[in-house]
Amino acid sequence: MNPLESRRTALVLIDLMPRIIALETAPLSGSVVLERSVALAAATRSAGGLVVNVRVDRPGVEVQPEGSEFAPEATPQPDDLVIVKQTVGAFGRTPLDSELQSRGIANVVLAGVATNFGVESTGRAAADLGYETFFLTDAMTGLDAHAHNFAISYTFPRLGTICTTEEYLKALNK
């Protein structure tokens, strides 16, 4: 993996919310993805990159279900960008693209829950919008292992670069 210019890199964390983390997922549990994502966020901030925290609100309801806030471990930090979506992906009907453009972001790095929904939808849009898109395959999980494995083996390589957290951290810190 080529070095990443940290100030032009955004780590986009998808749906690290208690009600999503608690879902039955595979191949990893939501809590493992959360733990890895928290470490990735700290490293990205330390290197001068942007952390984007994305959560979903159900549209058309007055009160969101319990567990709709960010998990306490994933509480956004003051310089993070927070995106609240009402769609599957983080770009649809949100200011994400304009916020990334205004910050000079070229690289979108994705992690979170679920591989085959929020992560994939966000990755497709990022690729369509011209971002260099990276998928941290060991920091995401699907609603089932088959869907996760299909996305990382078939879909993601056509949209961007698949990599591990270790590869990302090495590329970010060069």
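The values are calculated or read from the model by the stated rules, or taken from the named source; none is laboratory data. Given the structure is predicted, the values throughout are model-derived calculations rather than measurements. Heads up, the Cβs are rebuilt from the backbone with ideal geometry, glycines too, and the neighbour counts pull from every protein chain shown. SASA here: full protein model, heavy atoms, side chains in, ligands and nucleic acids out. Shrake-Rupley method; radii C 1.70, N 1.55, O 1.52, S 1.80 Å.
Taking residue 26 as the residue in question, decide whether it is out of contact with any Leu (no Cβ under 6 Å at 6 or more places or on another chain) and more than 17 Å from residue 145 (Cβ to Cβ).
When the stated conditions are applied, residue 26 does not pass them.
For residues in the stretch 34-85 being among the aliphatic types (A, V, I, L, M) and assigned to a loop (DSSP other than H, G, I, E, B), which is most open to solvent (accessible area, probe 1.4 Å)?
63
Among the residues of the stretch 87-96, is there at least one that is among the basic types (Lys, Arg) and part of a loop (DSSP other than H, G, I, E, B)?
Yes, there is a match, as at least one residue in the stretch 87-96 is among the basic types (Lys, Arg) and part of a loop (DSSP other than H, G, I, E, B).
Could you grab me the full set of residues in the stretch 97-115 that are under 18 Å from residue 48 (Cβ atoms), of a type outside the set (Val, Ile, Thr) and in a strand (DSSP E or B)?
Scanning the stretch 97-115 gives a single hit, 107.
Which of (1) open to solvent by less than 10 Å² (accessible area, probe 1.4 Å); (2) assigned to a helix (DSSP H, G or I) does residue 20 not meet, given it meets every other one?
Residue 20 satisfies all of (1) open to solvent by less than 10 Å² (accessible area, probe 1.4 Å); (2) assigned to a helix (DSSP H, G or I) except (1).
Of the residues in the stretch 116-171, how many are farther than 18 Å from residue 53 by Cβ and either open to solvent by 10 Å² or more (accessible area, probe 1.4 Å) or touching a residue at least 60 places away in the same chain (Cβ under 8 Å) (or both)?
Counting residues in the stretch 116-171 that are farther than 18 Å from residue 53 by Cβ and either open to solvent by 10 Å² or more (accessible area, probe 1.4 Å) or touching a residue at least 60 places away in the same chain (Cβ under 8 Å) (or both) gives 36.
Among the numbered criteria (1) over 23 Å from residue 80 (Cα atoms); (2) in contact with a strand residue (DSSP E or B) (Cβ under 7 Å, 6 or more places away or on another chain), which single criterion is violated by residue 122?
(1)
One line per residue, one yes/no per condition, for (1) within 13 Å of the chain's Cα centre (by Cα); (2) under 24 Å from residue 134 (Cβ atoms); (3) of a type in the set (D, E, K, R):
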{"position": "17", "(1), (2), (3)": "yes, yes, no"}
{"position": "26", "(1), (2), (3)": "no, yes, no"}
{"position": "34", "(1), (2), (3)": "yes, yes, no"}
{"position": "54", "(1), (2), (3)": "yes, yes, no"}
{"position": "61", "(1), (2), (3)": "no, no, no"}
{"position": "65", "(1), (2), (3)": "no, no, no"}
{"position": "79", "(1), (2), (3)": "no, yes, yes"}
{"position": "98", "(1), (2), (3)": "no, yes, no"}
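Applying the selection to the stretch 86-107, what residues are open to solvent by 40 Å² or more (accessible area, probe 1.4 Å) and of a type in the set (Val, Ile, Thr)?
Residue satisfying the conditions is 88 alone.
Restricting to the stretch 1-17, name every residue that is open to solvent by 40 Å² or more (accessible area, probe 1.4 Å) and part of a helix (DSSP H, G or I).
7, 8
Would you check if residue 94 is farther than 20 Å from residue 161 by Cβ, in contact with a strand residue (DSSP E or B) (Cβ under 6 Å, 6 or more places away or on another chain) and either touching a residue at least 60 places away in the same chain (Cβ under 8 Å) or of a type in the set (S, T, N, Q) (or both)?
yes
Scanning for something in contact with a Cys (Cβ under 7 Å, 6 or more places away or on another chain) and not in a helix (DSSP H, G or I), does the stretch 125-134 turn up at least one residue?
yes
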